[in-house]
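Down below is the structure, laid out as structure tokens.
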Amino acid sequence: MRLRWLHAGALFVLFNFLVLPFLDLNAAPAKRVAGSGVGSNSPYATDAYPGFDDLDTLPKPEKKDTSWFLHVSRDTPAEQLAYARQMEDEGSLRAARRGYDALVREWPASPEAPKAQLALAMIWARKYKDYDEAFEAIEYLLDFYPRDCDYLEMVGYQYQLANLIVKEKKTFLGMSFTSTRICRQHYESIVRRAPGASYVPEAMLKIADLREQEDQYEEAVQVYATLASKFPLTPEAQLATYLEAKARMWLCRRLAYNIPRCKDTAGYLAMALKRFPDLEQAGEIREWRAELMNYMSEDAYKTAKFYDSRQRTRHAALSSWERYLKEYPDSAHAAEVRARIEELRGE
């Protein structure tokens, strides 16, 4: 027994002197994953989505506290839930809504709390037609009561709400109160919560489209690429391939045909045509690639001609023209370049 205590003591000393000094006790907490709090262990949550907003920047539902303005009307959670349901059945929607909300605040750990939170969301959606409030109510349910609801069903319902929010944006005097960013973040939250759901490819197309509406084409390209990679056999993957090509071309034109970007985009366009030769928009993609190849050919021609100036050596000029012909054998200048190569070789 004494030897056991000595061994334990020795291990304690070794830990304090050899391990503890290297532990960062003030390290920042791990990044939040969708379904945090009680639901952080959800098997459906992930954050591996390039082109999405960082999780740390997303709005998070704050835990409800008791309120001076919301008081329970009954002595127990069960009685309060029955009371709020009665108010709803009688058409007293304001009383019902406040009753459900007060229950969640007063007895958050009770079995009735998630039922009240769900009922609150349904009132917002079905009675008030306020889909923004309904979405936030479901978000709260999924964050704080993921084990007390049908998680995937609720995320699917959120997807329906997000579609309604986009379709029926709140406006006043022609101005929208629902920002494009908020709509996009709704879809991003849904995809992270249920990455294997059947509607995810469609949702990702909407996320990329909303990125484009914000002129964030770099991020849109990332979303399209992620969609095509994760769901390669879906119709959405083919559409994403075309839309990524279109977004890449927008960037090339917007950035004055930056040569490295043009080369990268031309390579992507060739890959897209090889992967989907029967793509409906294949002709358009071929035209885009021809546009890029023509621009790069002209740029390379000017560079080669510069090296063929009197200030440059014959060897530099020959190497430059040979490299040009190798990269652009079908250019409009090909015959002229071949003749110049023969001339330089004969000197």
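The values are calculated or read from the model by the stated rules, or taken from the named source; none is laboratory data. Predicted model, so just to flag it, every value in this text is computed and none were measured. Note that we place each Cβ from the backbone using ideal geometry, even for glycine, and neighbour counts take in every protein chain shown.
Kindly provide the set of residues from the range 204-224 that are surrounded by fewer than 24 Cβ atoms within 10 Å (Cβ to Cβ) and within 23 Å of residue 152 (Cα to Cα), ordered by number.
Selection gives 205, 206.
May I ask you to list the residues in the range 244-262 that are free of Cβ contacts under 8 Å to residues at least 12 places away in the same chain, assigned to a helix (DSSP H, G or I) and not basic (Lys, Arg)?
260 - this is the single residue of the range 244-262 that is free of Cβ contacts under 8 Å to residues at least 12 places away in the same chain, assigned to a helix (DSSP H, G or I) and not basic (Lys, Arg).
List pairs: first residue in the range 139-168 and within 17 Å of residue 202 (Cα to Cα), second residue basic (Lys, Arg) anywhere in the structure, Cβ distance under 8 angstrom, at least six positions apart or on different chains.
Correct list of pairs: 155/193; 158/193; 166/206.
Before we move on, is residue 109 within 26 Å of residue 85 (Cα to Cα), surrounded by fewer than 20 Cβ atoms within 10 Å (Cβ to Cβ), more than 22 Å from the chain's Cα centre (by Cα) and in the same structural domain as residue 63 (by TED's automatic domain parsing)?
It is true that residue 109 is within 26 Å of residue 85 (Cα to Cα), surrounded by fewer than 20 Cβ atoms within 10 Å (Cβ to Cβ), more than 22 Å from the chain's Cα centre (by Cα) and in the same structural domain as residue 63 (by TED's automatic domain parsing).
Looking at 265, 303, 241, can you tell me which residue is β-branched (Val, Ile, Thr), farther than 24 Å from residue 205 by Cα and either more than 27 Å from the chain's Cα centre (by Cα) or in a helix (DSSP H, G or I) (or both)? Step through it out loud before you land on a result.
Numbers: 265 fails: farther than 24 Å from residue 205 by Cα; 241 fails: farther than 24 Å from residue 205 by Cα.
Residue meeting the stated conditions: 303.
So for the range 12-32 (the condition being closer than 30 Å to residue 216 by Cβ, among the hydrophobic types (A, V, I, L, M, F, W, C) and at pLDDT below 85), does at least one residue qualify?
To start, the set of residues in the range 12-32 that are closer than 30 Å to residue 216 by Cβ comprises 28-32.
Of the ones still in play, those that are also among the hydrophobic types (A, V, I, L, M, F, W, C) are 28, 30.
Filter once more, keeping what is at pLDDT below 85: 28, 30.
Checked against the condition, which is being closer than 30 Å to residue 216 by Cβ, among the hydrophobic types (A, V, I, L, M, F, W, C) and at pLDDT below 85, the range 12-32 yields at least one hit.
Return the total of residues in the range 56-105 being at pLDDT 95 or above, farther than 16 Å from residue 128 by Cβ and either hydrophobic (A, V, I, L, M, F, W, C) or in a helix (DSSP H, G or I) (or both).
Number of matching residues: 14.
Considering only residues that are under 21 Å from residue 297 (Cα atoms) and over 24 Å from the mean Cα position of the chain (by Cα), look in the range 268-281 and name the one that is surrounded by the most Cβ atoms within 10 Å (Cβ to Cβ).
Applying the filter and picking the extreme gives 273.
Yes or no: the range 247-264 includes at least one residue that is under 30 Å from residue 196 (Cα atoms) and in contact with a Ser or Thr (Cβ under 9 Å, 6 or more places away or on another chain). Working first, answer last.
Of all residues in the range 247-264, those under 30 Å from residue 196 (Cα atoms) come to 247-248.
Then keep just the ones that are in contact with a Ser or Thr (Cβ under 9 Å, 6 or more places away or on another chain); that gives 248.
Within the range 247-264, one or more residues are under 30 Å from residue 196 (Cα atoms) and in contact with a Ser or Thr (Cβ under 9 Å, 6 or more places away or on another chain).
Under the condition of being of a type in the set (D, E, K, R) and modelled with pLDDT of 75 or more, which residue from the range 306-334 is farthest from the chain's Cα centre (by Cα)?
Per the criteria, the residue is 314.
Going by the conditions given, is residue 291 at pLDDT 90 or above, part of a helix (DSSP H, G or I) and within 30 Å of residue 202 (Cα to Cα)? Full working, then the answer.
Working: at pLDDT 90 or above: yes; part of a helix (DSSP H, G or I): yes; within 30 Å of residue 202 (Cα to Cα): no.
No; evaluated as a whole, the condition is false for this residue.
Suppose the filter is within 22 Å of residue 54 (Cα to Cα) and part of a helix (DSSP H, G or I); does residue 197 pass it? Give the steps one after another, and end with the answer.
On the way: within 22 Å of residue 54 (Cα to Cα): yes; part of a helix (DSSP H, G or I): no.
So residue 197 fails the test.
Are there any pairs with C-beta distances below 6 angstrom linking a residue in the range 287-313 that is closer than 23 Å to residue 249 by Cβ to a residue that is modelled with pLDDT under 85 and assigned to a loop (DSSP other than H, G, I, E, B), with the two at least 6 apart or on different chains, and if so which?
Matching pairs, first to second residue: 295/257; 297/328; 297/331; 301/333.
With respect to residue 129, determine if the residue is in contact with a helix residue (DSSP H, G or I) (Cβ under 9 Å, 6 or more places away or on another chain) and outside any helix (DSSP H, G or I). First the steps, then the outcome.
Values: in contact with a helix residue (DSSP H, G or I) (Cβ under 9 Å, 6 or more places away or on another chain): yes; outside any helix (DSSP H, G or I): yes.
Yes: the conditions hold for residue 129.
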